[in-house]
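Trainee: Sharing a structure below in structure tokens format, with a few things to ask.
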């Protein structure tokens, strides 16, 4: 009989330091941090329930998706907008074209030149381009505004691009589904705008106002585009509704450790765990997950090769969909295994912190 799991799809301790500060200021041990994370998670669920939103329906907005879905950044030269409040113009074009059939995260921000020149990164990733002549300011002064949308279909991406096409500030769209220097750089610059779920925009409000308060901060005209706004306490949104654009984990980050602590009061970091993959499990994966493996070019991969790929991700990537069985306390999580520029797969792993061990469950 299949077990029922409680899931935290994502936990943000990368660009948001709330949990790290709590741990440091109050000198919380891992047991206390586990209770703190779960108490906050239950408060989030209560807030969403009060607004008629099922947390499970937000999954695809919160975790990287691996097949037939696209992550895209739309680029604008902000010197070519008619107003300094150019977010209103962008949202006026973007919101009416968002697919109402699912959930996605929208992030935004400006290119921060101190982290590297936009021109250098663009040319390193994409080569020479006519954009340089059309948007010289972007090349000389990094005047680039970024609007990032995940969980898009090809047609959904095209609809958004088409809505921007004739605006003089629009520079184009970049597919950031796979790892690139551009994607890694952008991941350090953007802030969360909102989560869109069908015809609902999930925004934030001040902490302490309770789950029934419903007045968000964002200034954009959602109503004209047919969206209702529901708001969640800011700290809960940041922790549990923030989409993390994939990038290599930086050495000082606490994100993976906190995500593991959400699973158990006694976490052991995955980099200190042994990964078990035996031939029997690999045979099962080849039989039951053949399309995924073939798509990724891994149909003939050996247990040792697969182990190396997953270990590389465990030591330098993020984890998602942290699940705990309601029946027997089984722990599991997912990581993204990528063949750069070709395919991505989610790898499901079972976690045994007391044994300092993880085992592979599935690839999809």
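The values are calculated or read from the model by the stated rules, or taken from the named source; none is laboratory data. These figures come from a predicted structure and were not determined experimentally. As a convention, Cβ positions derive from the backbone with ideal geometry for all residues, glycine included, and neighbour counts pool all protein chains shown.
Trainee: From the list 182, 239, exactly one residue is over 18 Å from residue 104 (Cβ atoms), in contact with a strand residue (DSSP E or B) (Cβ under 8 Å, 6 or more places away or on another chain), surrounded by 15 or more Cβ atoms within 10 Å (Cβ to Cβ) and in contact (Cβ under 8 Å) with a residue 12 or more places away in the chain. Which is it?
Mentor: Matching residue, one of 182, 239: 182.
Trainee: Please find, within the stretch 147-172, the residue that is nearest to the chain's Cα centre (by Cα) out of those that are crowded, with 19+ Cβ neighbours inside 10 Å and in a strand (DSSP E or B).
Mentor: My answer is 150.
Trainee: Across the stretch 310-347, what is the number of residues that are part of a strand (DSSP E or B) and either touching a residue at least 60 places away in the same chain (Cβ under 8 Å) or buried (at least 16 other Cβ atoms within 10 Å of the Cβ) (or both)?
Mentor: 19
Trainee: Tell me, please, whether a residue that is surrounded by fewer than 14 Cβ atoms within 10 Å (Cβ to Cβ) and under 30 Å from residue 9 (Cβ atoms) can be found in the stretch 101-108.
Mentor: yes
Trainee: With (1) more than 16 Å from residue 69 (Cβ to Cβ); (2) modelled with pLDDT of 95 or more; (3) in a helix (DSSP H, G or I) as the list, and residue 114 as the residue in question, which single condition is left unmet?
Mentor: (2)
Trainee: Could you look through the stretch 293-309, keep only residues that are more than 17 Å from residue 275 (Cβ to Cβ) and in contact with a strand residue (DSSP E or B) (Cβ under 7 Å, 6 or more places away or on another chain), and pick out the one that is surrounded by the fewest Cβ atoms within 10 Å (Cβ to Cβ)?
Mentor: Result: 297.
Trainee: Answer yes if at least one residue in the stretch 68-84 is surrounded by fewer than 17 Cβ atoms within 10 Å (Cβ to Cβ), modelled with pLDDT of 95 or more and either out of contact with any strand residue (DSSP E or B) (no Cβ under 9 Å at 6 or more places or on another chain) or not assigned by TED's automatic domain parsing to the domain that holds residue 346 (or both), and no otherwise.
Mentor: Scanning the stretch 68-84 turns up at least one residue that is surrounded by fewer than 17 Cβ atoms within 10 Å (Cβ to Cβ), modelled with pLDDT of 95 or more and either out of contact with any strand residue (DSSP E or B) (no Cβ under 9 Å at 6 or more places or on another chain) or not assigned by TED's automatic domain parsing to the domain that holds residue 346 (or both).
Trainee: While we're here: Determine, yes or no, whether residue 312 is out of contact with any helix residue (DSSP H, G or I) (no Cβ under 9 Å at 6 or more places or on another chain) and more than 19 Å from residue 69 (Cβ to Cβ).
Mentor: yes
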